[in-house]
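Engineer: Have a look at the structure that comes next, please.
Every number in this text was worked out from the coordinates using simple rules, so none of it is lab data. From a predicted model like this one, the values you see are computed outputs, not experimental measurements. Neighbour counts are summed over all protein chains in view; Cβ atoms, including those assigned to glycine, are modelled from backbone coordinates with ideal geometry.
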């Protein structure tokens, strides 16, 4: 199989590519390296890394069996100050991805945002990032109605694991706590700390992305768990001292998740446990 992975040098994309290569597939990664890292590259003759923008995708004259579109702007709090960048990456860029897939009749697997389902459905209007990502799902659904584009849309819930970003505006909360705990620093809990989140190991996300190739059709595939933790509870699991930092604009209070379609169509469920992951991390620190 031949794959195009946008955002292939990023956290989730690099883990996905590693698995696709193990299966014997060949991959082209397209990444603008706004958050992706060249350290995430995999040394293999079956993967080609291109540095570029999805808005220029029509310059890529290759055929693929599947397109995994992971390469979009992906942070809530910074999207208020970078709305033009959100538009360019998540609207203009994704339109080019859709056109690329339509013209070549390639199945598109799109990573949407679970912010759409936050705070009982109000989450999609709470930030530019959430709104643009939500509108992309509407557009992709309509591409199926208008052009019969084969597609599957999935939703990630606070992904953690190897290669996660630990520092800077695009870091994950688990990654931040890992870095701070390893350095003996206080864990910075975003106020009020009662925000509840579902957390998903990247290996579970990758298994879901693979299942979407043959068995995923349409919208509504969630990859997460029904068990949630508050940010304060997460900090307690890491141990050590915690300090509160100011609340962030657009930060949703709670997450909602419906796993029924993932279970029914894909026979998917999360296999890896957050508490076990953190305990293993703490065990390594003690050695």
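Engineer: Compute the length gained on full extension between residue 276 and residue 146: take 0.36 nm times their separation in residues and subtract their Cα-Cα distance, giving the result in nm to one decimal.
Structural biologist: Full extension from residue 276 to residue 146 adds 42.2 nm.
Engineer: Determine the equivalent ellipsoid of segment 95-207 by diagonalising the alpha-carbon gyration tensor, then write out the semi-axes as square roots of 5 times the eigenvalues, largest first, rounded to whole Å.
Structural biologist: Semi-axes from the Cα gyration tensor: 33, 17, 11 Å.
Engineer: Evaluate the Kirkwood expression for the hydrodynamic radius of segment 181-258, namely the inverse of the mean inverse distance over all pairs of different C-alpha atoms, and round to one decimal in Å.
Structural biologist: 14.7
Engineer: Shifting gears a bit: Determine, for each peptide in 59-66, 223-230, the mean count of other beta carbons within 10 angstrom over its residues, then list the peptides with the highest first.
Structural biologist: 223-230, 59-66
Engineer: Would you please put 197-208, 7-18, 94-105 in order of how densely packed they are, using the mean number of other Cβ atoms within 10 angstrom per residue and starting with the highest?
Structural biologist: Listed from highest to lowest mean packing, they are 7-18, 197-208, 94-105.
Engineer: How far, in degrees from 0 to 90, does helix 173-182 lean away from the longest principal axis of the Cα atoms of the chain, to the nearest 10?
Structural biologist: Result, in degrees: 50.
Engineer: Indicate, rounded to the nearest 5 percent, the antiparallel portion of the DSSP beta bridges found entirely in the chain.
Structural biologist: Here the share of antiparallel DSSP bridges comes out near 5 percent.
Engineer: Now for a different question. I want to check the label-to-label distance for residue 179 and residue 82. Put each point 7 Å from Cα in the C-beta direction and report it in nm to one decimal.
Structural biologist: It is 1.4 nm.
Engineer: Between the helical axis of 274-286 and the dominant principal axis of the chain, each derived from Cα atoms, what acute angle in degrees is found, rounded to the nearest 10?
Structural biologist: Here the helix axis deviates by roughly 60 degrees.
Engineer: Multiplying the sequence separation of residue 269 and residue 46 by 0.36 nm and subtracting their Cα-Cα distance, what value in nm do you get?
Structural biologist: Difference between extended and current length: 77.3 nm.
Engineer: Taking a temperature of 10 °C and a viscosity of 1.306 mPa s, what whole-number D in µm²/s does Stokes-Einstein yield for segment 1-64 with Rh from Kirkwood over alpha carbon pairs?
Structural biologist: Diffusion coefficient, whole number: 137 µm²/s.
Engineer: What do you get for the angle between helix 128-147 and the principal long axis of the chain? Use alpha-carbon atoms, 0 to 90 degrees, nearest ten.
Structural biologist: Value to nearest ten degrees: 30.
Engineer: Right, here's the next one. Can you work out the base-10 log of I(q)/I(0) for the chain at q = 0.08, 0.09, 0.10 1/Å, using the Debye formula on its C-alpha atoms alone?
Structural biologist: Per q value, in the given order, log10 I(q)/I(0) is -0.32, -0.41, -0.51.
Engineer: Size of segment 236-286 along its principal axes in angstrom, Cα-based, largest extent first?
Structural biologist: Per principal axis, max minus min of the Cα coordinates gives 43, 35, 11 Å.
Engineer: Please give the length that would be gained between residue 213 and residue 230 if that part of the chain were fully extended, namely 0.36 nm times their separation in residues minus their C-alpha to C-alpha distance (nm, one decimal).
Structural biologist: Stretched fully, the residue 213-residue 230 segment lengthens by 2.8 nm.
Engineer: Sticking with this one: Quick one: divide the alpha-carbon radius of gyration of segment 33-113 by 2.2 N^0.38 Å and tell me what you get.
Structural biologist: That ratio works out to 1.17.
Engineer: Quick one: if you stick a label point 7 Å off each Cα along the C-beta vector at residue 103 and residue 253, how many nm between them?
Structural biologist: 4.7
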